[in-house]
Structures are given as C-alpha cells and as structure tokens.
1. Restricting to region B:35-49, what's the tally of residues that are within 11 Å of residue B:529 (Cα to Cα), in contact with a helix residue (DSSP H, G or I) (Cβ under 8 Å, 6 or more places away or on another chain) and buried (at least 24 other Cβ atoms within 10 Å of the Cβ)?
2. Count, please, the residues in region B:599-625 that happen to be more than 25 Å from the chain's Cα centre (by Cα) and within 30 Å of residue B:388 (Cα to Cα).
3. Any residue in region B:458-480 that is under 26 Å from residue B:174 (Cα atoms) and at pLDDT below 95?
4. Could you identify the single residue in B:298, B:286 that is surrounded by fewer than 24 Cβ atoms within 10 Å (Cβ to Cβ) and in a strand (DSSP E or B)?
5. In the list B:496, B:490, B:533, which residue meets the criterion of being under 27 Å from residue B:602 (Cα atoms) and touching a residue at least 24 places away in the same chain (Cβ under 8 Å)?
6. Among the strands (runs of 3 or more DSSP E) lying completely within region B:38-128, list those that include at least 1 residues that are farther than 30 Å from residue B:442 by Cβ and within 18 Å of the chain's Cα centre (by Cα).
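The values are calculated or read from the model by the stated rules, or taken from the named source; none is laboratory data. These figures come from a predicted structure and were not determined experimentally. Cβ placement follows ideal geometry from the backbone for every residue including glycine, while neighbour counts extend to all protein chains displayed.
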C-alpha cells in the first residue's frame, strides 16, 4: 500500500499521518500542494491542520489547490481517500463529501480523547470474530470547527445509504454534530472523512492503537472499488 | 529646551541615561537613534536592574549545549540531538489585550526556539490572574486561553502542561508566561552572532507595519496604570499561519546549511535583532530601511526600526547563497528581502535609499546601558491584603471541597481542553495524567519530561524559601515520572525594581533560585525577566516561574498521579513537614502572613532520587507530589483520576508533630504520595498510611476525621467551567 499525504502550507498533522500510514505497514510520502501527479499512489490522506491558515473558512482555500484537483480525479476513479479533521473540511468544501463542518457548539476549540462507533456499513469484518459489525474506537478529537451539518433530508439519505462512517459514542459528542456524526463516506464508499484523529491513535504509548483500524478500513474500501 | 528633554523621558530614558548617550555619540542623537537607544536601553532589553543579580545563577553543566545569551538554551539528549527550551513573559501586552497578547507570546517563544535550529515540539504556559469573581480577571483569562490555543493549535505544536493561579494582586497585571521546547540535531544548530564582512542580511517572513511600536519600552518596562487602553496600538497582532510558513522555511534553510546565523525579531524588532547579532559577532551592520517590505508605505525610518510586527526573522547569508535562500522562502510563500550587509565598522548604520539616517557604535547601543544596583529593603510583615472566604470553623469536609473548588487548585481541564495536546505524536503523558508532561524522543531512543511551576503567594510569604520551593516542586514533578533534571529555564515576574520591597523580593528570589539549582546540580540555561508588574494597587506577588526539563529512559514506565488499582497500599515518602504558612487554606481564611520554613534541599533531592529509581524500575502504581491544598487534596486528586477511593489514617504525620489540620491541609515541599504493593513501598522506606478502594475518600485525622464521596470531590474539583459560567 503506497499512501500519499497532502501537505499544504499550514498543515499540522501531515507528519503524524505519514508515520501512521507507515506504522500500518504501508509506504507513504508527502504530496506538496502544488503537485498534480499522484502516479504510483494507492491511497490519499488529506491531513489535519490549518491549510492556508483556514482564513476565510476552514478548507475553503485548500480545495482549489492543484493537489486537490488531482485528488478529485483520483477519487472519481475509485481511489481511496481519507480526510482527517481539516482534511474532512477540505473534502466537504470540494464537494467530494456531503455536508459541512460548522463552529463547535461551545464556540471553543476542544481537544479530548473520546470513543467513536464504527458505522454498520464498514466493509471490514468484525474484529475478534464476534457477531456485531460495530466497534468502539478510542481516538482523540481536536478542533474548533467540527460540528457536522447537513439538511435533514440529506442526513436521512446518508443513514439510509449507510454513509455514516463514524458516530461519537452516546454522550461524547464534543461539538454538537447532527445525529452524533463524526465521519461520513461518499456514496461509492471510497472517500471517507472524519473529525477525530486516527493518526494520533496508532501507538499504545500515546494512548491507543484503534486509529489503525480507520486506515485499514479506507485501504480496504479502495481495494473493493 | 523642555520639549527635547521630554522626548527622551517619553521614551522611558532617564536624564542621566540621555546624557550618557550624548557622551558616547559625541553629539545629540537624532530621532531614529533616540528611538533605537530607548528600546535597547529599556529594562526589557538591557536587563539593567537584574543583570548583576543573574550572575549568581549556575549556568554550567555537562549536558549544556547552549546557555544563557542565545535565543534559547539547550541540553544534550543523546545521539547527536539537543532539546532547546525557554520561557518568556508577555504580561503587559496580555493585560492590555489578552487574546493577541497571549497569542503573540506563544509566537515569540516559538521563534526563539526555531531560531537556533530546533523544531518546536511542546508548549507549556504559566498564567496568573486576579480572583475569578472579578469581571476583569474572567475577561483576561478567557482571552489569554483563547489566544494561546489559537496560536499553538494553528501552528501544530502541542500544549502539554502548565498552571493557572488566581490571586488578587494580579488583578490589573496578569501574567502570561509561555515556554517552548524544541528538538534539534546538534550539527544543524545555529547561533545568533553575525559574521563575515560582506555577508548579506536577509529579512524573512511577514511585512513590517505599525503594530507594536514601542512595546518593549513603553509597555514592558513601565508600570500599568489608568489609560492603558491608549497603549493598545503597542500590542502586536499575531498570524500563526505566517509563522508556520516561516518556521518550516527556516528549518529547511538550516538543514540545507544556507545560513550563517539566524535571529528572531521580538521586542524592539529590527533594532534589537540587528544590534544583538552585530554585538555577538563583533561586527557592524548597515541596514537600508527602504528595502524593508512595509504594510504602510509612509512609515518613517524610526518606525521601521522599532516596529514589533510578528513572524519575522533576520538571517545572515553568504552572498553566493542568497539566491538559494530566496528560493526556499518563495517555496514556503513567505516574504524575503536583502536589507543590509555585514561590515567591519563596528557601527549600526541605518540608511534610507542609501542616505544615512542614523549611525551608532554597536557597543554603545547594545552593551552601553548602565547596569543598576538595587536598593532593596525588607518590608515589615505581610505587605499584601487578606480576604476571608471560608469560615475558620468550617468542617473538614467543607474545607476539602472548598479547597478542591478553589480556582487555583481546581482542575484546569476547562483551559487545557482548548489546546491541542497530541499533535506531533510525542505526548505520552497528557495534562493531568501525571505530575509532569512526558514526550517521546525517538531521535535519541528515550523521552523527556517537563514541568512548569511557581506559586507566587508562597514566594510573597518568603521570596527566598518560596523560590526554592518552586524549583523543588519541578524536581519532584519530574521524579514522579522517573525523569532526571537536565536543565532549567525561568521567568522572573516582579514589581518595580526601583522600589525597595520589590527589589528585596527580586534579590531574595534570585538567591533562592541560585541556591536550589546549585544544590540540585541543575544548570540554568536561559530565562527572561519581567519587571514593573504593578497595578494601581501595588506590585504583583513576586512570581519566579521555573520550567525544568528532564530525561527518562523509558516513557512507558512514567507513573501517573492517579490510583490505578483497588486494594493497593498508599504511602508517603520524603521530608514532608506540612504546615499552614502560605497554604491555600490560610488564604481562604484570610490569615496570610510573612514567612515560610526553610526547606531541606538535600533531603528533597534524596527523596527525588529514590522516587525516580523506583518509577524507572516499575515499582510504583502511582506517584504524586503533595502540593497546593496539602495531603487531603493530593489524595482526592489521586482518587478522582480513575474513580478509585481510599481509606487513610494520618496518624504517622501526627506523630511527626502535626495537628490534624496541618496533616490534612498543610503544605510544604518534599512530600510524595505513592500507591502500589505494600511490601515494595515499605522497602523504599515509605510510610504506609492506608489503602486504595471503594467509592469514598475516608480520612482519619483525630477529631477532624471525615468521609467524602469520590464523586462529590470530583464535582468540586471539576467546577472551574461552571464557576466561570455562573459569573457570566
């Protein structure tokens, strides 16, 4: 698995994402925001941070970068794409994922370890051979603009299509997201975005390894497509 | 005649300092020169009231890579790498405009660290405000916390720890001290000294505007008072996105070996960075202000020279490498301009389009400021106020809950959840998980621990002993995670040094700091002094803030502060002699008075070594330093972590001569609260006092015995956010 991790001016978590891809057994390289060539890359991570300072609106400038144009084509051809935090915002701004991320209900940046529930349509088999297709993942979230929003009819459709990739565990929604949604996928299933940071949950020493599961799920989605 | 005299006074220079400048120049300075002298001869830049005292501090040690005088200090962490670190104040800007003041405080300390070639890996902050029931304090707290979060989060450096105290003397003059740590390959590190006649001076980063004009002299080197709103234009505006680009750009330039030297532009802007680079290198510099990229076209030369616009760096570059340097700046979309040249004249010459507008000997400008002796006098008794908020006959349970809810002791989760503590993938012990933050250093196959401490109230009670306690608390925090201290940085926040009482506090505190560092064998590798911290009602509590960095071989072994398992033994270790002098309880009762007992530094050092070894060998389940609110609060904190109660008998402390109240709530250095296997703890020489388990905290202390639910204690301890809301 060869991962490409986009790097914008103002990205913060790109090196962490790179390390997480490698820890998951893959190869990874940074893709500078001015690059258009994704040749040889099997999966893309749009990482967290504050691309271009997130001035104007989170992700609003990054979506116009040459690298994002390439990611749009890559996604259209079925390539797996994972957007984390700012990357999720960029993917929504680019129209690759439905909905938008608004200012947290608290109006404050919040950093907290919390539990995510994997959506029922995840294509990975349940871990440990159990019957349940859902699993709880301990992953940190850290953002000021992470309140997932979409009109009710869109949310209904996302639920009906199995596009809710991750929800915050009951009582742990840190930002007021609609229906506790922490992450969604596109209709084809190959583009996934979430606000919490799986790349910061890949090492028992720093808290949890549950984030590896997110990278595996995205990689698997690409193979299936 | 009187108009001219007023000019230098307006800029903060005394008449005799002005006369000395005239003497050194052989003529009267013009406006450009006067503006530059007034900044470099300010307290903030020249340390004129503190430099002599600072000579007392030990600065040498085997692991010291860079000491005081550079942009940041650095210690050897092994495998060719160094940890750079420094703490700095941004008090007065934050008191005037807390969001931007605190944000640019973080921006400034980050630049200090990457200026020596280190990638910033952690931020800590030490904050002081007036009492929480004051509107001003809540406004300053909210703004400062948002500002710190805004800057640090946006630039992707984790905020891993800190402290916040609320005390009335900080009402008008809050303290915002920020500490940054970075990691560098020692081979890539760079000093700030300019060198090489004919080399080019390149200004990188943001353009220069009218923000922060006179910040160092007008704002940082004078007392706060009425009408400070008018000083708001002296506060700088931060842009973390620009800094993020400048940071990456500078690190790439250093990695490629393209720079001779590098310096950040902080207080006093171009004046100070060019002056200090020239002074350190023993050379001259010519600068042409017409080549400085400006935000406003009509800026005067003196404005360009003193502007404190943020996110700027000054580099010295060999002529044949200039093109490569400019290309890297272009890649990172950050500004760059060739604004000057290194000369052998020994002069700082300011040109505008080639016309000379100012010329001063570097020696006079940078090192010519007279250094003053203090005229200290010990104040009679307690010179600050007292306000009772807790009845002296409150029950033990009421007292514990009042202490846990006291904003200075209560959990700071409300604040630190607004900071990214995990970016960078190094944070092994996050805020509140352990007594010190722990960061992985894969580059050297080990880890570092860092703690920042300084209880101003206790220093106010006794500046000498209180400052020793601040150093000991840091050392104890490091011991709890198994770390051995490598070096220390400090920020000395004091009142007006020209007044006898603050002068005495400063003098005593520096002596205490020197004594503690000497005895613990911890070198001071850098620091900052912030004086004139006074409001209309007098000086702040004298507040030396100490940041200590240590090394541990295996971060997985770092102990947390919370009880881990039910049914384990609880024990005390160390020369802990709790008493109520300067204690939080004494404050709540409005009974503060001067004086603290003399700490036994050597005995605390021995206890630290015992704890450190035990943690490294995995012998303990938890280790927690006994600090604010005494043993009862330490026990509650350890119980709250994982919701595991305890049953404890304080008889052993009573046998040391403590009253039940002193045993419960008394404070003092040297105490460790441990949990683990009974026999292992006993073999360490610890005093067994109880065991973990259940859902209550049961404390037997003679006639003050009581039981309180862990949940009840937790609610009080987590009440900071609701206390803020209830006042809003």
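1. As a first pass, look at region B:35-49 and keep what is within 11 Å of residue B:529 (Cα to Cα): B:43-49.
Now narrow it down to the ones that are in contact with a helix residue (DSSP H, G or I) (Cβ under 8 Å, 6 or more places away or on another chain): B:44-47, B:49.
Those left that are additionally buried (at least 24 other Cβ atoms within 10 Å of the Cβ): B:44.
Number satisfying all stated conditions: 1.
2. Counting residues in region B:599-625 that are more than 25 Å from the chain's Cα centre (by Cα) and within 30 Å of residue B:388 (Cα to Cα) gives 0.
3. No, there is no match, as no residue in region B:458-480 is under 26 Å from residue B:174 (Cα atoms) and at pLDDT below 95.
4. Working: B:298 fails: in a strand (DSSP E or B).
Going through B:298, B:286 in turn, the sole match is B:286.
5. Values: B:496 fails: under 27 Å from residue B:602 (Cα atoms); B:533 fails: under 27 Å from residue B:602 (Cα atoms).
Result: B:490 is the single residue among B:496, B:490, B:533 that is under 27 Å from residue B:602 (Cα atoms) and touching a residue at least 24 places away in the same chain (Cβ under 8 Å).
6. On the way: elements: B:64-66, B:73-78, B:81-89.
The qualifying strands (runs of 3 or more DSSP E) are B:81-89.
Rundown of residues vs (1) closer than 24 Å to residue B:429 by Cβ; (2) surrounded by 24 or more Cβ atoms within 10 Å (Cβ to Cβ); (3) in contact (Cβ under 8 Å) with a residue 12 or more places away in the chain, yes/no style:
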{"position": "B:610", "(1), (2), (3)": "yes, no, yes"}
{"position": "B:614", "(1), (2), (3)": "yes, yes, yes"}
{"position": "B:618", "(1), (2), (3)": "yes, no, yes"}
{"position": "B:623", "(1), (2), (3)": "yes, yes, yes"}
{"position": "B:626", "(1), (2), (3)": "yes, yes, yes"}
{"position": "B:629", "(1), (2), (3)": "yes, yes, yes"}
{"position": "B:646", "(1), (2), (3)": "yes, yes, yes"}
{"position": "B:651", "(1), (2), (3)": "no, no, yes"}
{"position": "B:669", "(1), (2), (3)": "yes, yes, yes"}
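Let's see how each residue does on (1) within 14 Å of chain B (Cβ to nearest Cβ); (2) surrounded by fewer than 18 Cβ atoms within 10 Å (Cβ to Cβ); (3) at pLDDT below 95:
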| residue | (1), (2), (3) |
| --- | --- |
| A:142 | yes, no, no |
| A:149 | no, yes, no |
| A:172 | yes, yes, no |
| A:180 | no, no, no |
| A:220 | no, yes, yes |
